[in-house]
Amino acid sequence: MRRKHSHHAQGGAVALQPHGALRKETRRLENGRGGTVSAAIAYPDGFTAGRVPGVILAHGAGNDMTQPLLVAVHQGLAQHGYLSITFNFPYTEQGRRAPDPAPVLEACYRSVLAAVRTDTALRPPQLVIGGKSLGGRIASQLAAQGVASDGVLLLGYPLHPPGKPEKLRAEHLTRITVPMLFFAGTRDSLCTLALLRQTLKQLVVPVTLHVIAEGDHSFVVPKRTERTQADVYEEIITASSTWIRENLQR
């Protein structure tokens, strides 16, 4: 692994620079299978098409693009100066609970990615892909398949099923050729931190691991930490923004 930073959450509120204004809109985008899905786009203050890097984030298995963590990061990154997009997978768009098969999820993500790249009103010069849990896993699979991106941002990567650390979902990660940012909670039942650290040592691209102390799979922290969820979300947003700025050519 060429470069790896490990950051640990600190107690108390996170100091941030003042946020900029943002404009939000919802759209229907092609899902890659002849249908459409809902998408939310957040524009930073002073947005100009073709000049602002973008971030696309997909939701986890048990929720949709309105999940609080995803909404917070989506809007926060726009406030930090990035074009930010979230979307629903077909199964959540249709009100179903069971996730679609991987090919359907990948086709949807590919379609959304293509739509953002080619839209003359967006056209981000660089694009980071990622998401929460399942959404991040699908983004990482696309990156491993060679789908063009400039980075992968993973909010609670599902390294293994709950209670089954022997069943790692990591083989494809070694084929990713762009920088990666992993957020991991110390109480995450789907991502044993020691196993994640071992996995990251096998990667040759720049990798950043940001640990959320006492965070679970959605980075919810116990009351004993005396931190609010807003504190945690702000920490994730700030770390993500810093990582994007350091890893993309602006």
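The values are calculated or read from the model by the stated rules, or taken from the named source; none is laboratory data. These numbers were taken from a predicted model, which means no experiment stands behind them. Glycine gets a Cβ as well: all are built from the backbone with ideal geometry, and neighbour counts include every protein chain shown. Surface accessibility is based on the protein's heavy atoms, side chains included, excluding ligands, DNA and RNA. Shrake-Rupley method; radii C 1.70, N 1.55, O 1.52, S 1.80 Å.
If the condition is being part of a helix (DSSP H, G or I), more than 15 Å from residue 135 (Cβ to Cβ) and not polar (S, T, N, Q), then segment 78-107 contributes 78, 103.
Among the residues making up segment 43-57, a single one is hydrophobic (A, V, I, L, M, F, W, C), open to solvent by 10 Å² or more (accessible area, probe 1.4 Å) and either without any contact (Cβ under 8 Å) to a residue 60 or more places away in the chain or outside any loop (DSSP other than H, G, I, E, B) (or both): 47. Reported count of residues in segment 182-229, each being part of a loop (DSSP other than H, G, I, E, B) and of a type in the set (Ser, Thr, Tyr), is 5. Of the residues making up segment 230-248, not a single one is in a loop (DSSP other than H, G, I, E, B) and free of Cβ contacts under 8 Å to residues at least 40 places away in the same chain. Taking first residues from segment 145-170 that are within 16 Å of residue 199 (Cα to Cα) and partners that are of a type outside the set (Lys, Arg) and surrounded by fewer than 15 Cβ atoms within 10 Å (Cβ to Cβ), the Cβ contacts under 8 Å between residues at least 6 apart in sequence or on separate chains come to 160/166; 167/161. The numbered conditions (1) part of a loop (DSSP other than H, G, I, E, B); (2) touching a residue at least 60 places away in the same chain (Cβ under 8 Å) are all true for residue 111 except (1).
Restricting segment 212-226 to residues that are buried (at least 18 other Cβ atoms within 10 Å of the Cβ) and of a type in the set (Val, Ile, Thr) leaves a set whose member that is nearest to residue 183 (Cα to Cα) is 212. A residue that is touching a strand residue (DSSP E or B) at 6+ places or on another chain (Cβ under 7 Å) and more than 13 Å from residue 35 (Cβ to Cβ) occurs nowhere in segment 87-102.
Close contacts from segment 120-131, counting a first residue that is farther than 11 Å from residue 82 by Cα and at pLDDT 95 or above and a second that is open to solvent by 50 Å² or more (accessible area, probe 1.4 Å) and not in a loop (DSSP other than H, G, I, E, B), with Cβ to Cβ under 9 Å and a gap of 6+ residues or different chains, come to 123/117; 131/137. Remark: pairs (first residue in segment 58-77, closer than 16 Å to residue 139 by Cα; second residue part of a helix (DSSP H, G or I) and open to solvent by 10 Å² or more (accessible area, probe 1.4 Å); Cβ separation under 7 Å; 6+ apart in sequence or on different chains) = 59/92; 60/134; 61/134; 64/92.
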